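The values are calculated or read from the model by the stated rules, or taken from the named source; none is laboratory data. Just so you know, these numbers come straight off a predicted model, no measurement behind them. Note: ideal-geometry Cβ built from the backbone for every residue, glycine included; neighbour counts use all protein chains shown. Ligands, DNA and RNA are excluded from the accessible area calculation, which covers all protein heavy atoms including side chains. Shrake-Rupley method; radii C 1.70, N 1.55, O 1.52, S 1.80 Å.
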Amino acid sequence: MVKSVLDELKQKANYRTLKEYKKDGDYLIINNERKLNLSSNDYLNLSSLQKDFFKNNEYFNLSSDASRLLCGGDYVHKDFEDYLSLIYKKQALLFNSGYCLNLSCISALSKLKNSLFLCDKNIHASMIDGLMLNNANFKRYKHSNLDELKELLFLNANKYDYIFILSEAVFSMDGDILDIDKLIQLKKEFKNVYLYIDEAHSIGVLGQNGYGLSYLNDVDFCVLTFGKALASNGAVMLCADIFKEYFINTARSLIYSTSISPIIVAWTFYLFKQLKNFDNLRQNLKELSLLVNEELKSKFKIDGTLHIKMLRLNSNEEVDFYAKKLFLNSYYLPAIKKPTTLIPSLRFSLKANFTKEEILKFCKVIKSI
């Protein structure tokens with residue numbers, strides 16, 4: 001049975017393998033060859049600040065030893081949460097990862113009686129898994145179709161005590177940006193509707209000071225993930241006091257996991273305090289994005305209005321063909337296939353430190369394939 005599943009994946013060109021490589025700045029060393037890494041989520045190249053961090057920070061423990069509810073909460077956990085609470089005017093609660101956060105917080109919310117979730121069809125797998133974990137009552141609306149969402153709200157608002165809208169600020173497999181102003185305006189038409197926005201791919205890149213689209217907006221649950229532009233690990237839930245208290249008592253990945261290590265929290269804290277200084281990096285990303293779209297639009301259907309680009313192709317086999325050809329030309333970028341995305345695609349990420357010359361060279365190579 002297991003072998004037949006694996007064989008079917010291979011036949012559909014959808015078989016996954018783990019890759020071995022060594023990182024060297026913007027490059028991966030694979031089989032002793034350097035490949036420009038176009039799959040990194042380190043959009044602002046903040047990983048390059050590690051030496052500065054270790055020079056200017058005191059020693060922090062490598063392990064938390066236990067969950068936050070036992071003895072796993074170092075003072076730096078609380079200091080960082082207090083800092084984020086002050087900035088965002090919401091209560092902050094740290095988690096080990098965005099996946100763990102979404103899985104356990106959405107599952108916890110689904111335990112509230114008479115609740116309904118309305119979900120953008122393209123939300124991340126972690127959010128879907130959170131819904132499935134506790135058999136949540138949910139409906140899906142077409143990607144970014146706020147008219148369909150509005151219809152669902154009018155049909156259901158009087159039937160439920162809680163309605164949670166789940167969406168992303170920047171969609172990881174589409175690269176497009178949520179129209180958060182229209183979504184908030186729609187939410188305000190109903191008293192029992194709550195917004196849950198995952199800022200995984202927008203924090204650091206979008207919003208005032210890079211604080212994300214939800215910053216100081218009427219968003220009830222704001223998820224910041226630190227494994228992308230913050231070049232770290234972990235995540236934080238920003239919400240009202242009563243919901244923080246609720247998650248402390250019901251979010252299983254918080255209760256039953258060893259908490260994120262103090263040194264990682266300190267590293268994230270160190271970077272977060274500097275986000276407001278990176279406007280030039282964010283501007284570079286915008287300019288590189290426009291350059292890519294202009295260079296590739298004549299040959300490819302390309303989605304993505306900023307740092308995430310999706311080159312839409314016709315089949316898994318075609319995606320593999322392009323990925324292999326680019327690999328031979330010293331570029332590493334992954335082939336994204338079903339079910340991760342509905343349309344087989346080449347997904348590549350831009351970094352603020354890439355030069356225009358590097359991007360123009362890449363565009364020339366891929367157009368020649």
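Report every pair of residues separated by at least 6 positions or lying on different chains whose Cβ atoms are under 8 Å apart, first residue within the range 226-255 and touching a residue at least 40 places away in the same chain (Cβ under 8 Å) and charged (D, E, K, R), second in a strand (DSSP E or B) and open to solvent by 50 Å² or more (accessible area, probe 1.4 Å). Filtered contacts from the range 226-255: Asp241/Gln91; Lys244/Gln91. The set of residues in the range 327-350 that are over 19 Å from Met173 (Cβ atoms) and surrounded by 17 or more Cβ atoms within 10 Å (Cβ to Cβ) contains only Tyr331. Quick check on my filter: what residues within the range 44-54 are open to solvent by 90 Å² or more (accessible area, probe 1.4 Å) and within 8 Å of Ala231 (Cβ to Cβ)? Hits for the range 44-54: nothing passes. Taking each residue of the range 133-155 that is part of a strand (DSSP E or B) and looking for partners that are modelled with pLDDT of 95 or more and hydroxyl-bearing (Ser, Thr, Tyr) with beta-carbon atoms closer than 9 Å, six or more apart or interchain, yields Phe138/Ser110. The residue pairs whose first member lies in the range 73-96 and is in contact (Cβ under 8 Å) with a residue 60 or more places away in the chain, whose second member is assigned to a helix (DSSP H, G or I) and among the small types (Gly, Ala, Ser), and whose beta carbons are closer than 7 Å, counting only pairs six or more residues apart or on different chains, are Val76/Ala266; Gln91/Ser85; Ala92/Ser85; Phe95/Ser253; Asn96/Ser253. The number of residues in the range 201-236 being not in a loop (DSSP other than H, G, I, E, B) and not hydrophobic (A, V, I, L, M, F, W, C) comes to 4. Output the residues belonging to the range 297-309 that are surrounded by 15 or more Cβ atoms within 10 Å (Cβ to Cβ) and either touching a helix residue (DSSP H, G or I) at 6+ places or on another chain (Cβ under 6 Å) or of a type in the set (D, E, K, R) (or both). Within the range 297-309, Ile302, Asp303, Leu306, His307, Lys309 meet the criteria.
With respect to the conditions (1) out of contact with any Phe, Trp or Tyr (no Cβ under 7 Å at 6 or more places or on another chain); (2) open to solvent by 10 Å² or more (accessible area, probe 1.4 Å); (3) farther than 12 Å from Leu101 by Cα, Leu271 lacks only one, and its number is (2).
The residues in the range 330-362 that are basic (Lys, Arg) and in contact with a His (Cβ under 6 Å, 6 or more places away or on another chain) can be counted, and the count is 0. State which residue is nearest to Lys244 (Cα to Cα) when the search covers only the range 195-227 and only residues that are surrounded by fewer than 20 Cβ atoms within 10 Å (Cβ to Cβ) and in contact with a strand residue (DSSP E or B) (Cβ under 9 Å, 6 or more places away or on another chain). Among them, the one singled out is Asp220. Filtering Asn41, Asn57 for residues that are open to solvent by less than 90 Å² (accessible area, probe 1.4 Å), polar (S, T, N, Q) and touching a His at 6+ places or on another chain (Cβ under 9 Å) leaves a single hit, Asn41.
Does Arg282 meet the test of being within 18 Å of the chain's Cα centre (by Cα), closer than 30 Å to Phe80 by Cβ and open to solvent by 10 Å² or more (accessible area, probe 1.4 Å)?
Criteria met by Arg282.
Here Leu86 meets the list (1) in contact with a strand residue (DSSP E or B) (Cβ under 6 Å, 6 or more places away or on another chain); (2) within 18 Å of Leu275 (Cα to Cα); (3) open to solvent by 70 Å² or more (accessible area, probe 1.4 Å); (4) not basic (Lys, Arg) almost entirely, failing just condition (1). Looking only at residues in the range 1-14 that are within 19 Å of Val319 (Cβ to Cβ) and open to solvent by less than 100 Å² (accessible area, probe 1.4 Å), the one that is nearest to the chain's Cα centre (by Cα) is Asn14. Go through the range 120-143 and give me each residue that's under 27 Å from Asp303 (Cα atoms) and surrounded by fewer than 21 Cβ atoms within 10 Å (Cβ to Cβ). Passing the criteria: Lys121, Asn122, Ala125, Ile128, Asp129, Lys139, Arg140, Tyr141, Lys142, His143.
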